[in-house]
Structures are given as C-alpha cells and as structure tokens.
1. How many percent of the accessible area of the chain is carbon or sulfur, using a 1.4 Å probe?
2. Ranked from highest to lowest mean number of other Cβ atoms within 10 Å per residue, what is the order of the peptides 117-129, 183-195?
3. Before anything else, pin down the relative contact order of the chain: Cα pairs under 8 Å, at least 6 apart, normalised by residue count, whole percent.
4. In whole angstrom, note down how far apart the Cα centers of segment 239-279 and segment 175-210 are.
5. Under 13 Å from the Cβ of GLY129, count the other residues' Cβ atoms, weight Lys and Arg +1, Asp and Glu -1, and hand me the total.
6. Checking the a/c ratio against 1.5 first, then a/b against b/c, what shape does the Cα gyration tensor give for segment 143-188?
7. Report the full-extension gain for the segment ARG316 to GLU197: residue separation times 0.36 nm, less the Cα-Cα distance, to one decimal in nm.
8. Once the whole set of protein chains is in place, how much accessible area is left on ARG207, using a 1.4 Å probe, in Å² to the nearest 10?
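The values are calculated or read from the model by the stated rules, or taken from the named source; none is laboratory data. Keep in mind that what you see is a predicted model, and the values were worked out from it rather than measured. Cβ coordinates were reconstructed from backbone atoms using ideal geometry, including for glycine residues, and neighbour counts include every protein chain displayed. Only protein heavy atoms, including side chains, enter the accessible area calculation; ligands, DNA and RNA are left aside. Shrake-Rupley method; radii C 1.70, N 1.55, O 1.52, S 1.80 Å.
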Amino acid sequence: MPLETPSWWYSKRGRLAKIMPALLSPIAALYGRTAASRLARDPEYRSRLPVICIGNFTSGGSGKTPTAIAVAGLIKAMGKTPAFLTRGYGGSATDVVEVAGHDAAEVGDEPLVLAETAPTFVSADRAAGAKTIEQTNADVIVMDDGFQNPGLAKDLALLVADGVSGLGNGRVIPAGPLRAPLEVQLPRADALLVIGEGKKGDALIKRFDATGKPALRATIEPDCDPRWLTVLPTIGFAGIARPSKFFATLKSNGARLVSSHGFGDHHRFTEKEAKRLLDEAEAKNAMLVTTEKDWARLTDEDDDEEDSAVAELKKRSRPFPIFLTFEDEDAVKALLKYALGGACPDDAG
C-alpha cells in the first residue's frame, strides 16, 4: 500500500528531520548509486515520434499531471495530435493498455484524468507503450513521468518542481525525496518549470540559470468558479503525495475547512474509511471535497451492492478541478517547437 510522504523530507525542524536523514543515509547512498547507474544507460528505444517528458527530480507531489495536460493543450494549438504515455501507478494492468473503457483499479487514477484531454496509454515498459502509440494517429508522445526511466529516448525533458517545497531536504530516497542525486539528474534535464512562488523554487531557478538552461514559471488555478466552496462547511480528503498542499488550496479559495483527512499517495479507500467520511459529513452538515485524481479513483465497481460506502462517497463528494497556467507561454511553445523539429528556442530562457 502506498505510504504518505514523510513530512521530514520537506522540513529542517523537529527531531525526525534531524535524525532520520542521517540514519537512512547508507541506504540512500546505495539507492543513489543504483539510480545514477540507471540514468547513465543509453535509451533502449527511440520512437519515430517526438517524445516530450514531463518529469521531476523528486518523488511525487510536484504537479506533473497538470503540466502534462497544459503541454498537450499547447501541442494541440500547434496543430499536432498528442497522446499521453504513463506508467499507470496503482493499476493492475501489466501490458500496454489504452485507458478508454477502463477504471482506476486497472489503469490507475492519473491516466483517467489525462484521458479527458487526449488518448492515454498505460505501460510500465515505456518503449512498448511508444510503439503502440506509433500505430495510432498521434504524432507526439507526452510522457507523464519517466524521466529517470532509460526505456525511451526523450526529445525534451521538462522537469517540474514546486516553488514552496523545491527539492525538500536535498537528499536521496529514503533519506529525502530525490529520485537520484541531483548532480546526476541536472545534466539530463532540458528545462525547468517551477509551479508557484517560494524561496526553494527561486533557488532552483538560479541553479538552472547558471547552466544556461531555460527556467520557467507557472501557477495552478481553479478550473471553476470557486465560490461553491463557500456554500457549506467543507471536509477535505486526499490520497496524494502531499495532502496538506491540497487542503491549503481549498482554504485559499474560500473553503471553510472543518476537518481534513490525508492518506498515502494513490490510496485505495476502504468501505470503513468511506463510511467514516460520509458519517462525519452528515454530522457536521458539510460537503466532501477531494482532488480530481482521488475522485477518479473512487470506482463504481461496488454499485451492485446497495450498501457500498465507497460508491456512495463518490456520489456525495465533489472534485475540485484545477488547471496550470504558464507565466511565459511563448517560451514554452518555443521549447516544444524545438523538440518537434523547429527552430532553436532562443526566447525560451
């Protein structure tokens, strides 16, 4: 079962933040060497289609999925036909699967969100997934995650980071959130996108600027009129890498948050948990609000059972939709044009 991201990964305060990184440093060193060796491998396959990779330096919670959706929108505006390729974390599919017609139990939650924008294919084997997409009418592959995976060559690797949390404590898993040592990842990143304001994001932008690589900014906005959040008291629940980030978003958009419930990333809600949330909402006369990914993961597979609390939770909860806005959209377009075979993106810096 996925675990909640350790809070001490992103904090210097507290006893755990001081003890755990040092305690786990031997394991992190081994993990880092293995990850570095994997990154150093030559790509196993180069697709005949351009591959745009939306990745991150750290484990979860940076905003890859809304970035991938926004990038696909720009690609469409350029007259191209994108298709998403993703691992489908949390799903049971073992072969290449097109998401349409499947549920979260089979393909994971993020692919269901992506599929609302463009055809989406799930494959742990990125090369096999790319080969399948090549047989469709798509002419661009947008890969959600997979930066550290050597299975497929990337024409553009756009790395996403949160402006507030940045790279956390800067240590490698499990001592911190980095998927590989930063000095190994940086040379393979083509551009940086920092979402939101924050000192840690600013520091990362300066580091990219020093290398001469493009460092861009974006913001996350509600994809709806958020005034509906003010109608009733709100109970927020989320099974993502950093639930506190979602709860802060609800508050900043006017929600009267009477309680919040965080679960591990890609959490599968049980009947007991669903019933507890439903009972609390009734007792407090509150509405239940969650993320789009969590709502997609609340399957209707138990609809044949009249007393299914999970199915009822999906009916009685509401997702809070978001979208990503690039601060300099022209710079992003220049990067994409270059990756798709256009002119050098001199204005993307």
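1. Values: 8270 of 16240 Å².
C and S atoms contribute 51 percent here.
2. Details: 117-129: 22.2, 183-195: 19.5.
Highest mean packing first, the order is 117-129, 183-195.
3. 20 percent
4. Each part's Cα centre sits 28 Å from the other's.
5. Details: positive: ARG87, ARG126, LYS131; negative: GLU44, ASP95, GLU98, ASP125, GLU134, ASP144, ASP145.
Around GLY129, the surrounding residues sum to -4.
6. Values: a/c = 2.13, a/b = 1.58, b/c = 1.35.
Here segment 143-188 falls in the prolate category.
7. So the chain would gain 39.5 nm between ARG316 and GLU197.
8. About 120 Å², ignoring ligands and nucleic acids.
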